[in-house]
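Notes for the one structure printed next.
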Amino acid sequence: MTQPSSTADLIAMRQPGFSLPRDLYCGQQALSDDLEQIWYREWIFAIPSCEIPKTGNFATLQLGQYPVIIVRGADGRIRAFHNVCRHRGQRLCAKAGGSSPKLVCPYHQWTYDLDGKLLYARDMGEGFDASKYGLKPVHCIDIKGMVFVCVAKVPPAINELAQNLMRYVAPSGLEDAKVAFSQTIIEKGNWKLVMENNRECYHCGGSHPSLCRTYSDDPLMTVMEGPNSASSEILQHWDRCDAANLPARFVNAPDMQWRMARVPLMDNAESFTMSTKAAVAQRMGTIPWNDAGSMMFYHFPSSWNHFLPDHAIVFRIVPISPMETEVTTKWLVHKDAVEGRDYDLQKLTEVWINTNDEDRQVVEENQAGILSPAYEPGPYSATQEAGVIHLVDWYCGIMSSRLGLKTAAE
Ligand code: 3BY
Ligand code: FES
Ligand code: FE
């Protein structure tokens, strides 16, 4: 029996421009390393802040082995904590979300304030110092309505992302939005396959009949080269947006961990609907036109998003096991929009419900093929799959430097 290769070996042997070696998509070791080196160290998009608009509203998230709770305090601030009681470690809150004036552990009712302070612990004796048993904080930042968390002791710098994201999402007025619908599905595929699939539209024509009514599968729409280098159609759109002070031009992290750009939909379509028209009567924020297109924002490893004039769709992925990924999609609309009057929920959600299901199928079939011992890494199309190349290069770069550093320190 040959020894299974380590993640560092697998990454060292990968051929740039080709899909990854099989075990990086299937193995427990690769997932453990991905969690340790990426998911537990990077900022992870968690929720839109409008999901917890009031004091005491909370949402929970399972990030690998870390249960996390995100809660809005009495001061209006959003904070995140390890969702673990400081008494004997009970998970404090099992629900996906809700509202509570205090955080009360269900086991022995230790009671925490919304800022994490331990307020009450019954019969703990004279010398008990409650100030030592506050909830452990998780780094948390609310960037104009997009809440990110990081479970690392020291989180990576987020200034550049925050500055750009603030400008690009501000016109969508996420603070004045509400969650109209939320969907969580489990895709039977490694998280990297889910993200790879999202980063290209090579598959769109064959898989996404409803999305393709409004989103062009021209690869130039999905991957642009820079703020002044894109298709003439996109450049024209950017000129129009510039004139209206609507941030639109391509911006990216130097290592492509994130990217933002506002692109036009096909034939002046307004939204991702079957009719191509807006799904919500009331536009969000200050976006000036119905045909302002989609501001697309992705952030590795966990998120891609579309900010349209009438609604926004935020996506979060989290690995569940080596070959299972949870994909959560939330449709946001103006908080004053009334279902049935200003929008029809089915018309709002059908295109991306279909698209998610179509993507789930291709990801699951991709995983099934890769599980075969006959699988060998195949070449990406530089024209069609440049975004996938950005993803795997980012992944391999970060993993090899972090695994490499670890070895050097040992
Ligand atoms: O989901 C995305 O962000 C884009 C649009 C359609 C497919 N994908 C490349
Ligand atoms: Fe939470 Fe005992 S474990 S109160
Ligand atoms: Fe797709």
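Below are the figures for this structure:
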| quantity | calculated |
| --- | --- |
| Table column - 3J(HN,Hα) (Hz), the range 325-335, Karplus curve with 6.51, -1.76, 1.60, x for Gly and Pro | 9, 8, 10, 10, 10, 10, 9, 10, 9, 4, 5 |
| Within-14-Å neighbourhood charge of Ser172 [Cβ basis; K, R +1; D, E -1] | +4 |
| Per-selection metrics, the range 200-251 (Cα): Rg and Dmax in Å | 12.5, 36 |
| Computed over the range 285-410, the ratio Rg/Rh where both radii use C-alpha atoms and Rh is Kirkwood | 1.06 |
| Cα-projected label distance for Ser229 with Ser275, points at 7 Å along beta-carbon direction, nm | 4.1 |
| Potential extension, Ser372-His87 segment - 0.36 nm per residue separation minus Cα distance | 97.9 nm |
| Local electrostatic count, Ala30, Cβ distance below 13 Å [Lys/Arg +1, Asp/Glu -1] | -2 |
| ³J(HN,Hα) computed for each position of the range 106-123 - Karplus, 6.51 cos²θ - 1.76 cosθ + 1.60, integer Hz, glycine/proline x | x, 7, 10, 6, 4, 10, 10, 6, 5, 9, x, 5, 6, 9, 8, 9, 6, 6 |
| Zone of Ala74's modelled label, taken as backbone nitrogen in the range 34-55 under 14 Å from a point 7 Å along Cα→Cβ | 55 |
| Selection from Ala152, Cys105, Leu135, by position along the positive dipole direction of the range 67-226 (Cβ) | Cys105 |
| Convex hull of the chain built on C-alpha atoms - directionally averaged projected area, nm² | 22.3 |
| Given charges at Cβ of Lys, Arg, Asp, Glu: the chain dipole, positive-most of Tyr298, Thr60, Asn252 | Thr60 |
| Distribution of pairwise C-alpha distances over the range 102-256, 5 Å bins, in % | 1, 6, 9, 11, 14, 16, 12, 8, 6, 6, 5, 3, 2, 1, 0 |
| Cβ-placed point charges (K, R +1; D, E -1), dipole of the chain about Cα centre in debye, nearest 20 | 1480 |
| Cα centre as origin, Lys/Arg/Asp/Glu Cβ charges: the range 41-188 dipole, Debye | 280 |
| Neighbourhood net charge (13 Å Cβ-Cβ; Lys/Arg +1, Asp/Glu -1) for Met260 | +4 |
| Those lysines that a straight Cα-Cα span of less than 29 Å connects to Lys277, excepting residues fewer than 8 apart in one chain | Lys144, Lys178, Lys330, Lys335, Lys347 |
| Cα centre as origin, Lys/Arg/Asp/Glu Cβ charges: the range 1-86 dipole, Debye | 420 |
| Gain in span if fully extended, Lys153 to Asp344, counting 0.36 nm per residue against the direct Cα distance | 64.4 nm |
| Rg ratio (alpha-carbon, reference 2.2 N^0.38 Å) - the range 230-333 | 1.16 |
| Subset of Lys54/Lys95; Lys102/Lys188; Lys102/Lys136 violating a 27 Å alpha-carbon distance limit | Lys102/Lys188 |
| Helix runs (DSSP H) in the chain reaching 18 Å along axis by Cα, Kyte-Doolittle at least -0.5 | 386-409 |
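Every number here is computed from the coordinates shown, using simple stated rules; none is lab data. Source: prediction; values computed, not measured. Cβ: placed from backbone, ideal geometry, glycine included. Neighbour counts: every protein chain shown.
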